[in-house]
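Working notes for the structure below.
The values are calculated or read from the model by the stated rules, or taken from the named source; none is laboratory data. Since the model is a prediction, treat every value here as computed from it, not as a measurement. FYI the Cβ positions are ideal-geometry reconstructions off the backbone, even for glycines, and counts take in every protein chain you see.
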Amino acid sequence: MKLHRLAPAGVPLAFLLAMLVVPTLALLGQASAIDPLALWRDPYLRWRLLWSIAQAALTCAAALAVGLPVAWVLARLEFAGRGALLRALMLPFVVPTLVAALGVLALLGPRGVVAQPLGLDLEGTPWLLLYGNLFFNLCLVVRAGVEALERVSASRVAAARTLGATSWRAFWRVEWPAIVPWLASALCLVFLYCFSGFGLALVLGGQRWATVDVEVYRLVAHQLALDEAAALALWTLATMAAMAWLYAAIERRLAQPARADAVPRVEPRTLRQRAAVLAAVLTVVAVSLAPLLALLWRAASAGAQAWGVLLDAEVLAAMGRTLGFSSTALVLATGLGLALGWAAQHALWLRAVAFAPLVVSPVIVAFGLLIAYPRATASLWLLLATYALLALPFVAKSVAAGLDAVPPNWVQAARTLGASPWRAFWRVTLPTIRPSLKRGVAFAAATMLGEFAATLFLSRPEWTTLTTLIYQRLGRAGSANLDAALVLAVVLLALAATALWLIEGRAPARPPAAALPP
Amino acid sequence: MLELRNIVVHYDARLLLRNVSLSVPAGQTVALLGASGSGKSTLLRVAAGLERPDAGSVRWAGEDITDWPPERRRFALMFQDFALFAHLDVQDNVAFGLIEQRVPRREARERAREMLRLFGLDGRTRDRVTQLSGGEQQRVALARALITSPRALLLDEPFSALDADLRRHLRSEFATRIRDAGMAAVLVTHDEDEARAMATQGWRLRDGEVETAW
């Protein structure tokens with residue numbers, strides 16, 4: 001390996017060292033004050049850890065049970081609106097966490113669009129959180145399932161059928177073994193996202209069903225129990241690292257570039273096939289669209305007084321800060337991501353490094369930064385750098401994926417036509433990776449606009465963003481505040497959608513490489 | 001004159017090229033024959049500056065240019081798969097090298113259109129290269145290579161992606177155009193008929209060494 005090829009990674013690696021490694025080491029130091037096993041002897045904290053694992057596992061099971069049939073329909077049947085259904089599935093991925101939480105409340109919470117007519121009272125139960133988790137993660141399982149099913153060899157399925165297998169037996173004995181690694185990879189990510197979930201758990205979990213990340217926040221912000229919080233954070237990190245290792249191990253097995261002779265999609269002709277399509281559409285509507293539709297409905301019917309909140313100076317300032325913080329950090333993340341993604345072409349380990357900020361949750365990152373840099377607490381640069389850190393994987397992995405698609409002899413052709421290395425990058429490589437880069441930047445922008453956990457930890461009261469403002473309104477009594485929160489959530493959703501549209505130029509067909517299994 | 005002197009290249013600890021020397025006078029086309037994996041394309045990449053030899057030197061008009069980067073050598077390389085840029089249209093592909101020579105974009109495009117007219121592609125200037133047939137892509141690649149008046153033209157199996165009829169038709173057309181351009185040209189191929197039709201002199205690479213074919 002020639003070292004000069006890794007040189008572009010120098011700055012991003014230094015950034016990751018300062019923003020990720022040093023804070024983790026600081027957490028280790030802080031946690032060493034108490035016996036890490038003591039947490040497991042405390043019934044309250046033991047419950048938090050076990051529930052966090054359980055709710056992530058339950059979401060995995062639900063996502064598999066619901067997502068696999070939907071994936072099968074999308075992979076095997078050709079019907080009008082199939083593309084729109086795929087896009088609708090990916091919609092939750094760009095929805096900020098708090099917006100999703102409010103969507104779930106608008107649907108199933110008190111006075112919810114569905115809960116009220118049915119007389120459902122789900123407050124104080126785990127169902128709101130589990131449904132919110134499913135809303136966010138169904139797309140991961142469905143997309144992995146569709147990709148995997150499209151790679152199943154048609155001739156193998158045909159061979160199984162001619163050897164006497166029914167269609168169900170052919171699925172079970174030929175297709176299922178082929179798609180299991182893909183699904184396992186997606187489920188690892190689902191587990192990671194749910195285990196370290198913060199916004200949804202904070203709003204929907206209440207006191208009893210909150211996750212470890214929420215507990216870490218409470219210990220730090222409300223009780224100043226830093227040692228206990230650090231020990232809990234380390235257990236979280238250990239669990240996530242184990243899951244990330246499992247994910248990486250599965251990913252290596254998936255590294256098969258050749259695409260098999262795919263099973264062709266057929267138009268639904270039988271009653272069963274048509275029923276399957278209808279069920280898939282209803283499932284996507286019920287899981288991926290209903291919370292957003294309920295949010296829009298509740299906000300639209302909130303009345304002029306609720307919408308009047310948009311004229312408040314506080315709200316306008318929060319909008320300005322949200323846009324300002326996000327765009328500044330986006331510029332930083334794009335520069336760092338380009339350099340890291342470029343260097344990752346020559347060293348596979350850098351791809352794993354680029355993925356690291358996704359493995360460590362924003363709460364743990366923010367808490368680690370507070371301990372590592374106490375003097376910089378509540379400084380604007382730290383907040384912006386944290387935003388950039390959380391956006392970095394989206395950009396870096398998208399750049400790496402884009403560069404993978406550039407034929408190597410294009411750059412060589414440009415060089416023999418008189419272009420210097422920089423000019424070859426500017427005129428050939430950059431235009432070629434632009435779609436992939438734009439997708440990564442678009443998702444990074446959506447992520448930053450909706451950033452909540454790190455902002456709650458690191459920002460000053462006078463730096464209120466839209467997410468923290470929504471959270472403040474939710475914490476105040478009265479339906480007027482809930483209505484105002486719903487309106488602000490719609491505004492945040494509109495901002496995220498606008499950012500995506502402006503950057504990517506069209507509705508996102510799929511999330512960037514950083515967020516999904518291959 | 002393009003000269004390769006005592007070129008040595010290892011590939012994965014295997015000696016691929018062993019003291020290979022050859023020279024190509026300006027205005028002449030020489031063919032380099034050899035089986036797959038014999039090192040023909042590697043030798044061409046060494047000449048173009050895309051690979052550095054473990055030993056030996058590349059010279060132009062007597063000057064050692066081994067350490068020169070590809071863009072300074074002004075040797076145009078035509079790739080087996082053409083390596084046309086899919087994000088640019090036909091005229092911008094052809095104008096690419098001129099723009100690198102700081103020719104104003106408008107003038108570069110005008111000259112590209114003129115070149116394309118000579119190549120019978122004046123109706124396709126604004127098309128995407130992916131919309132072209134194999135033969136048309138081949139012509140665009142040659143036009144792109146020739147428009148900057150390079151000192152040498154390096155052709156790496158330029159016809160291998162085309163069907164037999166088109167190959168026969170294009171090789172005589174190419175031979176004429178290269179001769180008219182009056183530059184040193186190296187044709188790498190494994191097809192001896194093609195080599196004899198286009199080149200005045202032939203070399204064969206075998207076991208890492210070069211020998212005269214005709």
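Structure notes:
- Among the residues of segment A:372-411, those that are more than 20 Å from A:A453 (Cα to Cα) and modelled with pLDDT of 90 or more comprise A:W410, A:V411.
- Within segment B:51-81, restricting attention to residues that are touching an Asp or Glu at 6+ places or on another chain (Cβ under 6 Å) and part of a loop (DSSP other than H, G, I, E, B), the residue that is farthest from the other protein chains (Cβ to nearest Cβ) is B:Q80.
- Taking the criterion of being in a helix (DSSP H, G or I) and of a type in the set (V, I, T), the residues of segment B:128-170 that qualify are B:V129, B:T130, B:V140.
- Residue that is surrounded by the most Cβ atoms within 10 Å (Cβ to Cβ), among those in segment B:82-107 that are within 25 Å of A:A405 (Cα to Cα) and at the interface with chain A (Cβ under 7 Å from one of its Cβ atoms): B:G97
- Scanning segment A:392-427 for residues that are polar (S, T, N, Q) and away from chain B (no Cβ under 12 Å) turns up just one, A:S398.
Rundown of residues vs (1) surrounded by fewer than 21 Cβ atoms within 10 Å (Cβ to Cβ); (2) at pLDDT below 85; (3) farther than 21 Å from A:A304 by Cβ, yes/no style:
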residue	(1), (2), (3)
A:T468	yes, no, yes
A:A480	yes, yes, no
A:A484	no, no, no
A:L488	no, no, no
A:A499	no, yes, yes
A:L502	yes, yes, yes
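- Whichever residue in segment A:29-71 is of a type in the set (A, V, I, L, M) and outside any helix (DSSP H, G or I) and, among such residues, is surrounded by the most Cβ atoms within 10 Å (Cβ to Cβ): A:I34
- Members of segment A:422-447 that are of a type in the set (A, V, I, L, M) and surrounded by 21 or more Cβ atoms within 10 Å (Cβ to Cβ): A:A424, A:V428, A:I433, A:L437, A:V441, A:A442, A:A444, A:A445, A:A446
- Any hit, segment B:120-131, residues being out of contact with any strand residue (DSSP E or B) (no Cβ under 9 Å at 6 or more places or on another chain), within 14 Å of chain A (Cβ to nearest Cβ) and modelled with pLDDT under 90: yes
- All conditions in (1) within 12 Å of chain B (Cβ to nearest Cβ); (2) crowded, with 18+ Cβ neighbours inside 10 Å; (3) of a type outside the set (F, W, Y) hold for A:R473, with the sole exception of (1).
- Hey, A:R439 of a type in the set (K, R), away from chain B (no Cβ under 14 Å), within 22 Å of the chain's Cα centre (by Cα) and assigned to a helix (DSSP H, G or I) or not: yes
- Only one of the numbered conditions (1) in a helix (DSSP H, G or I); (2) within 14 Å of chain B (Cβ to nearest Cβ); (3) small (G, A, S) is violated by A:A356, and that is (2).
- Among the residues of segment B:27-50, those identified as within 14 Å of another protein chain (Cβ to nearest Cβ) and in a loop (DSSP other than H, G, I, E, B) are B:G49, B:L50.
- Lone qualifier among B:Q131, B:Q138 - being of a type outside the set (D, E, K, R), within 23 Å of B:F96 (Cα to Cα) and surrounded by fewer than 18 Cβ atoms within 10 Å (Cβ to Cβ): B:Q131
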